[in-house]
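First comes the structure, then the notes that go with it.
The values are calculated or read from the model by the stated rules, or taken from the named source; none is laboratory data. Not measured: the values here are computed from a predicted model. Here the Cβ positions follow ideal geometry from the backbone for every residue, glycine too, while neighbour counts run over all protein chains shown. Keep in mind that these areas ignore ligands, DNA and RNA; they rest on the heavy atoms of the full protein, side chains included. Shrake-Rupley method; radii C 1.70, N 1.55, O 1.52, S 1.80 Å.
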Amino acid sequence: MKKCSSGDILHITNKPNQPNAKSIPVQTLSNRVLHFQERWYKEYPWLHYSPTVKGILCFHCVKIYTIQKSTMSKKADPAFCSKGFTNWKNALERFERHQNTKSHHHAVTVSCQEAVPINTQLSTAWSKQQENARHCLQIIVGAVQYLTRQGLALRGHDKDDGNLFQYLKYKAKDDACLSDWLCHCHDYTSPQVQNEILQMLGNSIVRNIAQTIQSLSVLQFSIIIDGTQDISGAEQESICLRYVDEDLVPHEVFIGLYEVSGTTGVEIAKMAVDVLLRLNIPMTCLRGQTYDGAANMSGAYSGAQVVLKKYQPLALYVHCGTHCLNLITQAACQASPLIRDALEWVHDLGSLSKQSGKFKAMFAAVAADSDVPSASLRPLCPTRWTVRGTAIKAVLSHYESVLTSLEEMAATGSSTGARANGLRERFEKGKTVLGLLLALELIEELECLNKSLQKRIATIAGMQQSIECVKSTLQFKRNEERFQEIFKNAVKMVDSLGIEPIQMPHQRQTSRRYTGGASQHTHKSPEEYYRAEFYKLLDCVDVQFQERFNQPDLGVLNRLEDILLTGELDDIVDQYPELNRETLKVQLAMFKSKYNFKSSTEVATIMRGMPVEVRGLFDQIETLVRLLLVIPVSSAEAERSFSTLRRLKTWLRSTMTQMRLNNAAVCHVHQNSLDNIDVKQICQQLISVFGSFI
């Protein structure tokens with residue numbers, strides 16, 4: 001309601017007031033009475049009846065000139081703005097004349113534009129342009145999402161040669177809007193915007209991981225760190241977190257690659273603390289840490305594990321189980337000269353095949369004529385000793401083809417021929433066959449254990465049980481019957497190949513000053529000599545298992561496991577704030593009387609099948625089980641990210657910045673999480689400074 005200049009009050013709503021024509025006062029003339037006609041509402045929809053002035057007004061003119069006090073108020077018709085029109089005799093003439101005035105046209109235009117944003121008022125094409133820009137931005141973000149998921153480069157040598165621009169060009173063939181937009185705008189395809197989109201995608205994934213960990217009913221987690229150099233020589237540290245979800249299933253998740261200025265334990269530990277701080281994950285809940293055996297990580301005085309224990313003493317350190325197995329296999333194979341030399345010759349043969357295309361072609365042609373399925377000759381991995389079984393099997397299964405190929409290569413007269421001739425002499429000795437068979441007897445068992453420990457759901461209790469199983473299997477082979485079987489297979493293979501029989505190496509006479517004139521023990525046959533070598537190999541493995549897996553913090557975990565299995569509490573329970581001694585004691589007695597179990601893994605399986613109400617009775621047992629499951633067995637998850645690093649940062653992409661590399665690695669590793677990201681939300685974040693995307 002608003003007062004006019006005349007003092008009358010006009011009732012103006014969102015639409016004209018058009019009551020029944022019979023309720024509007026009539027006009028009385030000397031000879032007749034005139035009425036307002038109902039049909040006039042349809043002919044002139046702006047007609048508005050005001051009960052205050054008891055006359056007809058112009059809805060738009062009153063709103064603009066009387067209420068809003070427009071600058072053109074002086075040119076408005078007072079009869080339709082404030083006084084009210086009641087002359088029904090001349091109604092049609094006056095209505096038509098008012099409708100054609102400039103003041104009425106202006107009022108109608110301004111009134112219609114009030115509900116439309118100002119940027120749309122300036123240009124009707126602006127709204128369409130915004131819609132097209134939103135459409136194109138979604139396609140660009142989706143293209144970055146797709147290329148990053150597949151680990152492909154976004155840019156090329158020139159901007160127009162990159163995968164991103166070429167992908168958009170391909171999409172534009174069926175999209176006229178995108179085609180037109182690409183011809184005029186390139187702001188949202190620039191390297192800066194690409195980096196920003198990648199950062200938003202990567203941050204969204206890491207943020208979801210952090211929120212998942214923070215939302216756990218019992219917040220416990222472990223950290224896994226491993227490092228390597230990228231193609232440019234920069235040191236990259238891969239960080240992964242391990243947690244146990246509500247279903248008591250362990251998860252290991254990669255959260256990023258971080259470049260460090262140095263590789264000392266203090267610098268790496270500082271980097272880990274900084275990452276956890278940025279993710280808002282408290283160090284007080286860190287319960288485990290797993291690295292390799294390098295001094296900067298495992299050192300007892302300045303290693304990263306010691307530095308992190310200063311922040312959280314309950315962060316138990318476990319030397320990566322797969323690294324321990326590699327060291328055990330290496331020590332065992334080097335303990336026996338027979339096996340050491342045989343493996344070295346297999347490695348040289350693989351290197352020759354890799355470096356000489358001519359020899360590779362010769363071997364392929366010879367192997368194709370044999371009845372054995374073809375296999376490639378590869379050099380042995382210099383660091384992973386438990387992935388050598390395939391290379392050894394390839395040589396043993398194609399031994400005759402190897403000898404024939406080496407003989408043909410030796411006849412070529414080149415420097416490579418001399419190398420092949422030397423290898424031929426080595427492989428024509430029967431002890432080489434025996435050495436490979438003995439090595440395979442050990443390596444096959446350790447490879448199975450290695451693959452088992454690399455699983456994300458592997459637990460410390462499971463690792464110890466599997467180690468005991470492998471140890472007992474290897475000790476079972478330490479007998480006369482098993483060695484006789486291997487030796488006979490070797491002799492049979494040597495005879496069929498027609499190579500030099502298995503002989504004992506020359507044994508040097510020990511000096512009298514060491515023996516005191518006593519007679520020296522000499523083996524009577526090659527079988528007796530190499531039996532001792534086989535036993536030495538197995539004994540070395542047993543000793544190495546004891547040394548490598550006798551870790552102090554594993555003893556702490558064993559004590560916690562014993563509490564769960566026996567029900568007898570240990571003082572170590574008091575060190576963990578999430579465990580309550582008295583409640584745990586009551587729950588363990590109740591649980592043991594109801595269920596039978598032999599490990600923490602079995603307890604977890606039992607609790608998964610419980611109803612929620614029953615499971616709530618054993619919350620302290622569940623916390624203890626989580627503590628036993630959350631400790632990582634190996635750093636395999638961090639090493640898997642190195643494969644991603646090598647796919648992303650290549651010779652052609654060696655100048656990639658650290659932020660871009662980290663975000664691209666996170667997106668490429670967590671492909672399922674990347675697929676679930678809403679592109680519209682990323683677009684909203686991207687343009688949040690300028691306005692709303694939707």
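See the values below:
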| item | result |
| --- | --- |
| Helices (runs of 4 or more DSSP H) wholly inside region 561-672 containing at least 1 residues that are touching a residue at least 12 places away in the same chain (Cβ under 8 Å) and of a type in the set (G, A, S) | 581-594, 600-608, 636-648, 658-669 |
| Flag if T66 is on the phi < 0 side of the Ramachandran plot, assigned to a loop (DSSP other than H, G, I, E, B) and at pLDDT below 85 | no |
| Residue in region 347-362 that is closer than 26 Å to F487 by Cβ, of a type in the set (S, T, N, Q), open to solvent by 20 Å² or more (accessible area, probe 1.4 Å) and in the same structural domain as E447 (by the TED database) present | no |
| Which listed residue, of N31, N17, is touching a strand residue (DSSP E or B) at 6+ places or on another chain (Cβ under 7 Å), of a type outside the set (F, W, Y) and open to solvent by 50 Å² or more (accessible area, probe 1.4 Å) | N17 |
| Scope region 538-553; condition touching a residue at least 60 places away in the same chain (Cβ under 8 Å) and either surrounded by fewer than 18 Cβ atoms within 10 Å (Cβ to Cβ) or not in a helix (DSSP H, G or I) (or both); matching residues | D539, D542, F549, Q551 |
| Selection status of D553, charged (D, E, K, R) and touching a Phe, Trp or Tyr at 6+ places or on another chain (Cβ under 6 Å) | yes |
| Qualifying positions in region 396-435 - part of a loop (DSSP other than H, G, I, E, B) and closer than 30 Å to L537 by Cβ | H398, E428 |
| Output for region 242-252, where each listed residue is open to solvent by 10 Å² or more (accessible area, probe 1.4 Å) and β-branched (V, I, T) | V249 |
| Selection count, region 375-400, where residues are in contact (Cβ under 8 Å) with a residue 24 or more places away in the chain, among the hydroxyl-bearing types (S, T, Y) and open to solvent by 30 Å² or more (accessible area, probe 1.4 Å) | 2 |
| Single residue of region 150-192 satisfying the filter (of a type in the set (D, E, K, R), assigned to a helix (DSSP H, G or I) and surrounded by fewer than 13 Cβ atoms within 10 Å (Cβ to Cβ)) that is modelled with the highest pLDDT | D161 |
| Identity of the residue in region 446-467, open to solvent by 50 Å² or more (accessible area, probe 1.4 Å) and touching a Leu at 6+ places or on another chain (Cβ under 9 Å), that ends up farthest from T601 (Cα to Cα) | Q464 |
| Evaluation of V689 against (1) in a helix (DSSP H, G or I); (2) modelled with pLDDT under 95 (one fails), failing number | (1) |
| Residues satisfying the stated conditions in region 274-299, i.e. of a type in the set (A, V, I, L, M), part of a helix (DSSP H, G or I) and open to solvent by 30 Å² or more (accessible area, probe 1.4 Å) | L277, M283, A295 |
| Any hit, region 377-387, residues being within 30 Å of P501 (Cβ to Cβ) and either in contact with a Cys (Cβ under 8 Å, 6 or more places away or on another chain) or not in a loop (DSSP other than H, G, I, E, B) (or both) | yes |
| So G142, is it open to solvent by less than 60 Å² (accessible area, probe 1.4 Å) and on the phi > 0 side of the Ramachandran plot | no |
| One residue from I224, I255, I239, I205 being open to solvent by less than 30 Å² (accessible area, probe 1.4 Å) and part of a helix (DSSP H, G or I) | I205 |
| Per-region count, region 48-98, residues buried (at least 22 other Cβ atoms within 10 Å of the Cβ), among the hydrophobic types (A, V, I, L, M, F, W, C) and under 30 Å from S30 (Cα atoms) | 5 |
| Residue in region 528-537 that is closer than 21 Å to C320 by Cβ, modelled with pLDDT of 90 or more, surrounded by 14 or more Cβ atoms within 10 Å (Cβ to Cβ) and touching a helix residue (DSSP H, G or I) at 6+ places or on another chain (Cβ under 9 Å) present | no |
| Candidate set from region 306-335 (those that are open to solvent by 20 Å² or more (accessible area, probe 1.4 Å) and within 24 Å of the chain's Cα centre (by Cα)); member that is nearest to E444 (Cα to Cα) | H323 |
| Where L137 falls short, out of the listed (1) aliphatic (A, V, I, L, M); (2) without any contact (Cβ under 8 Å) to a residue 60 or more places away in the chain; (3) surrounded by 19 or more Cβ atoms within 10 Å (Cβ to Cβ) | (2) |
